[in-house]
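Inspection log for the structure reproduced underneath, given as structure tokens.
Here, each number is a calculation from the coordinates, and none is a lab measurement. No experiment lies behind these values; they were computed from the predicted model shown. Using ideal geometry, Cβ is built from the backbone for each residue, glycine included, and neighbour counts are taken over all protein chains shown.
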Amino acid sequence: MLTPLLDRSDLASAARAVSAIVRDAEVNGNLLTYHTSRDEASEKAAARLDLAAAGIIVR
């Protein structure tokens, strides 16, 4: 996932500051919004599992 940040084609240019999430991220589950087609609890749970697979923990 960091490939665009580590593009080596332009190493001759000046140094640039970048940010990266290098550990699991946490989000407030009460602030998440879901697509209108995901209105069942099981669909929301599946969405949270998808986030977990990407390293995003829903609290």
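Extension gain, Asn28-Leu51: 0.36 nm per intervening residue step, less the Cα-Cα distance, totals 7.1 nm.
With r as the distance between the Cβ atoms of Val18 and Arg38 and R0 = 22 Å, compute the FRET efficiency 1/(1 + (r/R0)^6) and round to 0.05. So, using R0 = 22 Å, E works out to roughly 0.10.
Put simply, the amide H of Ile57, placed in the peptide plane, has neighbours under 5 Å in Ala25, Glu26, Val27, leaving out anything fewer than 5 places away on its chain.
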